[in-house]
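*Asks:* Dropping the structure in here first, questions after.
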Amino acid sequence: MKKILVSLLFAAMAYSANAQVVVNGVREPSGYQGHLEYSNLFYVNGLGTGMDISTTHGFYYTPNMFVGLGIGLHVAPGDAYVPIYAAAKYIFNYRTKISPTVQMKMGSFFNEGAKPYADLSFGFRFASDRDFAFSIQACGSFYAPFDYTESYWDNSISSYNTLTERRNLSSVGLRLGIEW
């Protein structure tokens, strides 16, 4: 009998540890969460368009506040950059299926040394009763300007030429994300 009671006690503890709080058909965010985001970007200096893919992993320490660390891949015309950042996300009303949200990322990207990186986005989170959510956000990213050097072969003078320009990857865009 003792074995059955101990087994039932452990089963109840395991169930309660994995129990999800569902209110109004929406699972309250808690514990570990992973985020995967794709951004379509438009550069503010007219450089053209680019894209960004990032993943962030962290914890909800309250049902509406997420903090974590992440890494991304920013693909710009002619090159790619890797930002590494800390992120914070605030969900204004976590008990509804659709809620406004704001997110901030701060860190560095690497191009011949570490350069500052920051990102701010506003949008909506679409939640479910499972451990899953979808988001759509308007975003703005700041990348510190840097010197971009490109070398090419010039057939007219039969030698290499080097072109150096000041590059600014700061952009605005639209971000789609999933959360699990």
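*Asks:* Return yes or no: is residue 176 over 16 Å from residue 43 (Cα atoms), in a strand (DSSP E or B) and not hydroxyl-bearing (Ser, Thr, Tyr)?
*Replies:* yes
*Asks:* Across segment 64-82, what is the total count of residues that are open to solvent by less than 40 Å² (accessible area, probe 1.4 Å) and over 17 Å from the mean Cα position of the chain (by Cα)?
*Replies:* 1
*Asks:* Which pairs have Cβ atoms under 7 Å, sit 6 or more apart or on different chains, and link a residue in segment 98-121 that is at pLDDT below 95 to one that is open to solvent by 30 Å² or more (accessible area, probe 1.4 Å) and outside any strand (DSSP E or B)?
*Replies:* Short answer, once both residue conditions are applied: 109/82; 110/82.
*Asks:* Still on this structure, I have one more. What's the total number of residues in segment 34-50 that are surrounded by 14 or more Cβ atoms within 10 Å (Cβ to Cβ) and more than 18 Å from residue 86 (Cα to Cα)?
*Replies:* 6
*Asks:* Kindly provide the set of residues from segment 83-103 that are under 17 Å from residue 144 (Cβ atoms) and open to solvent by 60 Å² or more (accessible area, probe 1.4 Å), ordered by number.
*Replies:* 84
*Asks:* For segment 104-117, which positions are exposed (fewer than 14 other Cβ atoms within 10 Å of the Cβ) and either touching a Phe, Trp or Tyr at 6+ places or on another chain (Cβ under 8 Å) or part of a loop (DSSP other than H, G, I, E, B) (or both)?
*Replies:* Within segment 104-117, 110, 112, 113, 116 qualify.
*Asks:* Could you tell me how many of the residues in segment 66-90 are farther than 21 Å from residue 111 by Cα and in contact with a Phe, Trp or Tyr (Cβ under 6 Å, 6 or more places away or on another chain)?
*Replies:* Residues in segment 66-90 being farther than 21 Å from residue 111 by Cα and in contact with a Phe, Trp or Tyr (Cβ under 6 Å, 6 or more places away or on another chain): 2 in total.
*Asks:* Which ones in segment 122-143 are among the basic types (Lys, Arg), modelled with pLDDT under 95 and part of a strand (DSSP E or B)?
*Replies:* Within segment 122-143, no residue meets the criteria.
*Asks:* Of everything in segment 143-180 that's open to solvent by 40 Å² or more (accessible area, probe 1.4 Å) and in contact (Cβ under 8 Å) with a residue 40 or more places away in the chain, which residue is farthest from residue 70 (Cα to Cα)?
*Replies:* Looking at the filtered set, the residue picked out is 150.
The values are calculated or read from the model by the stated rules, or taken from the named source; none is laboratory data. This structure is a prediction, so every number in the text was calculated from the model and none was measured. We place every Cβ from the backbone using ideal geometry, glycine too, and count neighbours over all the protein chains shown. Each accessible area value is taken on the protein alone, full model and side chains, heavy atoms only, with ligands, DNA and RNA left out. Shrake-Rupley method; radii C 1.70, N 1.55, O 1.52, S 1.80 Å.
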